[in-house]
Amino acid sequence: MEVIVSSQNNLVKLAASLRQKKYRDEAGVFSVEGVRLVEEAIKADWEITTCIVTKKAYEQSRVQKLVEQLEKRHCRIAELSDILYAKITDTDQAQGIMAIVKKKEFSLQDLTAENKRPLIAVLDAVQDPGNVGALIRTADAAGCTAVIMTPGSADLFSGKTVRATMGSLFHIPVVSKISTPELISYVKEFQIQLIATALTSSSPYYEVDLTGPAAVVFGNEGNGVSDELLRHAASRLYIPLYGQAESLNVAAAAAVIFYEIARQRRVAL
């Protein structure tokens, strides 16, 4: 294991720079922190170029196992002191292990596989990284086949987004920066029903037939779904609120709707 002691080391500089989107884009990599997330990246066979650990973290058997797996993949392994690691971490309570992972970019063409009844989560300019990550995690848990993000959504590879996915980023294809015309053309070509979450001219979610191929759109935290997507939506739905809250968090709303879809599809079998 390589031991790095200087803050001027190129690897230390690279790892620290990945906290900014500009440098993630330039290098084509992003950082993944924590034992669980590194385990999920390995399990999903994403390409890990480097693993950075602290001496204290390496005392854990789970971390030792991860390092052994990565060494077999000829991954660079580097040990940093706690002080140096603090300069590169993006978290307040770091676990002392970081993987530098190559980005995996998906396109709409990657989603046209054999699945005859796709279920796609569409994030229409959802700006909060925590919301984006939690929604990806929810989509994965509910059995969605893909996630599509329109411009204006939070960066998929930011530290907060990655952590909020809890590893689901590595298990479900996510297509970013898809314009509204591209999305509309795609769902029309593959006969996928576009369903928008909206408060006006909409039906309760449990009254809408959700058994067919579907792309469900969740809108921006402040402005909701864009007018253009609302105009092209085959159906609009909403979740009734019975208490005093004005709204649900977008990931909570997604959970309600996606599990209703799963229920309807199970009943329809």
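The values are calculated or read from the model by the stated rules, or taken from the named source; none is laboratory data. No experiment lies behind these values; they were computed from the predicted model shown. Heads up, the Cβs are rebuilt from the backbone with ideal geometry, glycines too, and the neighbour counts pull from every protein chain shown. Each accessible area value is taken on the protein alone, full model and side chains, heavy atoms only, with ligands, DNA and RNA left out. Shrake-Rupley method; radii C 1.70, N 1.55, O 1.52, S 1.80 Å.
Within the stretch 53-67, track down each residue that is open to solvent by less than 100 Å² (accessible area, probe 1.4 Å) and more than 23 Å from Ala86 (Cβ to Cβ). Listed by number, the list holds a single entry, Ser61.
Screening Ala125 with (1) within 28 Å of Val250 (Cα to Cα); (2) in a helix (DSSP H, G or I); (3) aliphatic (A, V, I, L, M) gives one miss only, at (2). Scanning the stretch 253-269 for residues that are under 18 Å from Asn131 (Cα atoms) and either exposed (fewer than 12 other Cβ atoms within 10 Å of the Cβ) or of a type in the set (Val, Ile, Thr) (or both) gives Val256, Ile257.
Residues are listed down the side, and each one gets a yes or a no for (1) open to solvent by less than 70 Å² (accessible area, probe 1.4 Å); (2) farther than 30 Å from Ile100 by Cα; (3) not hydroxyl-bearing (Ser, Thr, Tyr):
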site	(1), (2), (3)
Lys177	no, no, yes
Ser201	no, yes, no
Leu210	yes, yes, yes
Val217	yes, yes, yes
Leu248	no, yes, yes
Ala251	yes, no, yes
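Here's the yes/no breakdown for (1) hydroxyl-bearing (Ser, Thr, Tyr); (2) under 27 Å from Tyr23 (Cα atoms):
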| residue | (1), (2) |
| --- | --- |
| Lys116 | no, no |
| Pro151 | no, yes |
| Phe157 | no, yes |
| Lys160 | no, yes |
| Ser168 | yes, yes |
| Ile178 | no, yes |
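Among residues of the stretch 21-38 that are farther than 13 Å from Thr49 by Cβ and part of a strand (DSSP E or B), those with a Cβ under 6 angstrom from a residue that is open to solvent by 10 Å² or more (accessible area, probe 1.4 Å) and not acidic (Asp, Glu), sequence gap 6+ or separate chain, pair up as Glu33/Thr91. Of all residues in the stretch 7-17, exactly one satisfies the criterion of being touching a residue at least 60 places away in the same chain (Cβ under 8 Å) and either open to solvent by 100 Å² or more (accessible area, probe 1.4 Å) or not in a helix (DSSP H, G or I) (or both), namely Ser7. Residues that are open to solvent by 60 Å² or more (accessible area, probe 1.4 Å) and in a helix (DSSP H, G or I) within the stretch 73-122 comprise Asp82, Ile83, Ala86, Lys87, Gln109, Asp110, listed in sequence order.
Among the residues of the stretch 131-148, just one is over 21 Å from Leu194 (Cβ atoms) and open to solvent by less than 20 Å² (accessible area, probe 1.4 Å), namely Gly133.
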